[in-house]
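The values are calculated or read from the model by the stated rules, or taken from the named source; none is laboratory data. Not measured: the values here are computed from a predicted model. Glycine also receives a Cβ, built like all others from the backbone with ideal geometry; neighbour counts cover every protein chain displayed. Note: accessible area is taken over every heavy atom of the protein model, side chains too, but ligands, DNA and RNA are not part of it. Shrake-Rupley method; radii C 1.70, N 1.55, O 1.52, S 1.80 Å.
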Amino acid sequence: MLARVTQSKTIHWLGRQLSNQDNPESWLDPVLAKINPMWVQAYTPARVEQVIQETADTRTFVLRPARRWTGFRAGQHVNICTEIDGVRRNRTFSLSSSPLLWETQGLVTLTIKRLPGGLVTNWLHDRVVPGQVIGLGEAFGEFLIPEPAQPVLFIAGGSGITPVVSQLETMAAQDYPAPVTLLYFVRTHRDVIAGEKLRALASRHSTLTVQVIATNESEEPRFLRGEDLDGIANLKSREVYLCGPKGLMDLAGDLLHQRGVTDDRIHSTFFAPPAPAQLEGTELGGQVTFANSDVQVGSKGDANLLEIAEAAGLTPQYGCRMGICHQCSCRKTSGTVINRLTGQVSGAGEENVQLCISVPRGPVSVDV
Amino acid sequence: MKKLNETQLQELEQDLNAIRDEVLADLGERDARYIRRIIRLHRTLEIGGRVMMPFGFIPPVFLAATASLGVAKILENMEIGHNVMHGQYDWMNDPNLHSQTYEWDTVCTADSWRRTHNYEHHTYTNVIGKDRDYGYAVLRLSDEDEWKPWHSLQFINYILLSVLFQWGVGLHELESEKLRRREIRWRDKLPFLKDFARKGGRQAFKDYVFFPLLTLPVAPIVLAGNIGANLIRNLWSSTVIFCGHFTQDAETFSEAECEGESKGHWYLRQLTGSSNFTGGRWLHILSGHLSYQVEHHVFPDLPAHRYPEISEKVQAVCLKHGIPYNTGSFARQYGTVLNQIFRYSLPDRVRTRLEGRSAPQAI
Ligand code: FES
């Protein structure tokens, strides 16, 4: 209800005057969260309805978002927001259910693999039980089924299958008229995610071919090969969708190019898990992107973000330059930094950092 | 200021850093729960105050409503706003509790506060000539400041400053003393004045226009109650803040002393330039834990509700290095502040004669 009221511009303006907040609708959140976490306004709360074990390290979380959530299209991702030890963590996952499930039953699913050393994925696996509430953002992403229908090839690896499951289900529901092929790479057959569902879809729809390839079951690893592609009818006229670890995506890109598939037909979504944080990381520096000023510079050694920005001619806010005053705090949107004072390595996602004591480790992008 | 040599300063730095690291490593759930609880209390008191206010024609309800709203404003300004804007809760990664985006329920804009307080005051604490919070360019509180005839009226200035505290703080960045001395031009201050007008207007609109109009038949009562609530907050916060640095034993420093100082030296200055007062749990919460001004100045970005826990460790460090730790009851500390304001309103000659000691040597 509140969300609808604040859509009015005047009321929103008034809310800002009265609450001193840019997002007045969340002014009451700390109170609402206590009464009923599904009333929180800062994000869309979603109640966990069910947790399904897919494989040894992958689970599907069935969620019921508050009704004001605006839905999604097959192949899109969503940011989830959880609080772990008092810290709010945002992570992106792709939706694994078809939009139909949301439209008919008000449910969505996220299929999430445990990452070694992963903070959020492990927390989701170990701590989340039905009844709990997590936050959802609005769906985003351009990894969408072609319209009008065209022949499609999906190449997915590991948990990269999740957006593809959503797409295949959606295509099946619309009786997708063109041929669809899925090459699905897994380490072993025990690692197949949504195997049952894929088999059922393939047997019901004659235009869908599913081929599961285990990479690590023979002596020699069995990666994507030229023959896998050569066996696909009129490859050149297909729209190709890649989703999986970087190695697979690079390899697929090369093989496709060799076979004359042009870039405008290749759609990929990045799904490689970030490398687990290494505390003794000594390789400092990296490419820094100052997104708001459209400046990119390389840095070496232990120069901090403030120095790097200034060397590039920018003038971000600062005060003490020694980590006391937080005048220099700003939003990091991607990449990892090391806190010079604590030696701590940040996560890879969005968070606030103090420029004057943050040293990039690898490519970093900040809102400066 | 107590003199320490470089090695001692380094040791002091390490000792204090160790305390800081220990707290940082332990931040989590407990701190998040604490600040959210205080926010819940603030929201409840504010809503309660606003709802009760129109029924203020019943005298006890008027008192309850005014007190409720006044305490809400105190909590928001002291324990929430001030501390959040110091970056104490940045690690929570909650956009509503972030130092760079938080805007508080007072006339001073958050941006201006971050410049004048978080940067100027906390970097140059009690350095006469650089820390404009020392006496707020209105009061004379140290020998380094030369006596002028208008200082004899400074008790009146003090009372005015306290009553209108939020407006004084809001206008602090105007640097009126420099304008008067023509060191800067009005033109330079236009962007600041624009922001000030916007924020001041917003605050005045809320308390003195919107809510009274909303409750039209009883508008005068609501208006009076809102003025009362702002007054309560102004008097309380100015008192707390004055007790932080203007007590008798809080030291001041010269610019030369702090030229190119090390972190250890900065720590030493924070320790000796600040003063605490003691009291019960709620006195600390309502003062935004600025009752632990010493701890706050040494660790401005650690969650303030941790200061009581670390106070003993800080005292131990002070003891070890022979550094005075300035504390006393609220009444005693406030008494010395009033005494200071009065003493320094007198010409040096009169003051020293009254105190029966020789005049300080001119440098
Ligand atoms: S400039 Fe003061 S914390 Fe970075």
- Message: Given the condition more than 25 Å from B:Glu76 (Cβ to Cβ) and either in contact (Cβ under 8 Å) with a residue 24 or more places away in the chain or of a type in the set (Ser, Thr, Tyr) (or both), answer yes or no: does some residue in the stretch B:163-175 qualify?
- Response: yes
- Message: Only one of A:Ala309, A:Ala303 is touching a helix residue (DSSP H, G or I) at 6+ places or on another chain (Cβ under 7 Å) and more than 11 Å from the ligand (Cβ to nearest atom). Can you tell me which?
- Response: A:Ala309
- Task: Kindly indicate the residue of the stretch B:133-149 that is at pLDDT 90 or above and surrounded by fewer than 19 Cβ atoms within 10 Å (Cβ to Cβ) and also farthest from the other protein chains (Cβ to nearest Cβ) among those meeting that condition.
- Result: B:Pro149
- Task: State all residues of the stretch A:330-352 that are within 23 Å of B:Ile19 (Cβ to Cβ) and touching a helix residue (DSSP H, G or I) at 6+ places or on another chain (Cβ under 8 Å); if no residue qualifies, say none.
- Result: A:Asn339, A:Arg340, A:Leu341, A:Thr342
- Would it be correct to say that A:Gln278 is over 21 Å from B:Thr101 (Cα atoms) and either modelled with pLDDT of 85 or more or part of a loop (DSSP other than H, G, I, E, B) (or both)? yes
- Message: Regarding the stretch A:320-332, can at least one residue be identified that is over 27 Å from A:Glu83 (Cα atoms), assigned to a loop (DSSP other than H, G, I, E, B) and away from the ligand (no atom under 16 Å from the Cβ)?
- Response: no
- Does the stretch A:154-188 hold any residues that are out of contact with any Asp or Glu (no Cβ under 6 Å at 6 or more places or on another chain), free of Cβ contacts under 8 Å to residues at least 40 places away in the same chain and farther than 14 Å from A:Leu100 by Cα, and which are they? A:Tyr176, A:Pro177, A:Ala178, A:Val180, A:Leu182, A:Tyr184, A:Val186, A:Arg187
- How many of the residues in the stretch B:98-137 are at positive phi and either within 13 Å of the ligand (Cβ to nearest atom) or hydroxyl-bearing (Ser, Thr, Tyr) (or both)? 1
- of a type in the set (Asp, Glu) and either part of a helix (DSSP H, G or I) or closer than 22 Å to B:His296 by Cα (or both), is that true of B:Glu146? no
- Just a yes or no: is a residue in the stretch A:288-297 open to solvent by less than 20 Å² (accessible area, probe 1.4 Å), touching a Leu at 6+ places or on another chain (Cβ under 8 Å) and more than 14 Å from the ligand (Cβ to nearest atom)? yes
- Query: Pick from the stretch B:225-282 the residues that are part of a loop (DSSP other than H, G, I, E, B) and more than 27 Å from B:Arg343 (Cα to Cα): which of them is nearest to the chain's Cα centre (by Cα)?
  - Reply: B:Gly280
- Note on the structure: Per the filter on the stretch B:77-93, residues open to solvent by less than 10 Å² (accessible area, probe 1.4 Å) and of a type in the set (D, E, K, R) are B:Glu79
- Task: Test A:Glu83 against the criterion of being over 18 Å from the mean Cα position of the chain (by Cα) and of a type in the set (Asp, Glu), and give yes or no.
- Result: no
- Item | Residues being within 14 Å of the chain's Cα centre (by Cα) and among the polar types (S, T, N, Q) - total across the stretch B:79-111 | 2
- For residues in the stretch A:317-368 being within 11 Å of chain B (Cβ to nearest Cβ) and among the β-branched types (Val, Ile, Thr), which is most open to solvent (accessible area, probe 1.4 Å)? A:Thr342
- Query: Given the structure, is B:Arg349 surrounded by fewer than 17 Cβ atoms within 10 Å (Cβ to Cβ) and part of a helix (DSSP H, G or I)?
  - Reply: yes
- Task: With the condition kept exactly as written, say whether any residue in the stretch A:17-37 is open to solvent by 50 Å² or more (accessible area, probe 1.4 Å) and more than 14 Å from every other protein chain (Cβ to nearest Cβ).
- Result: no
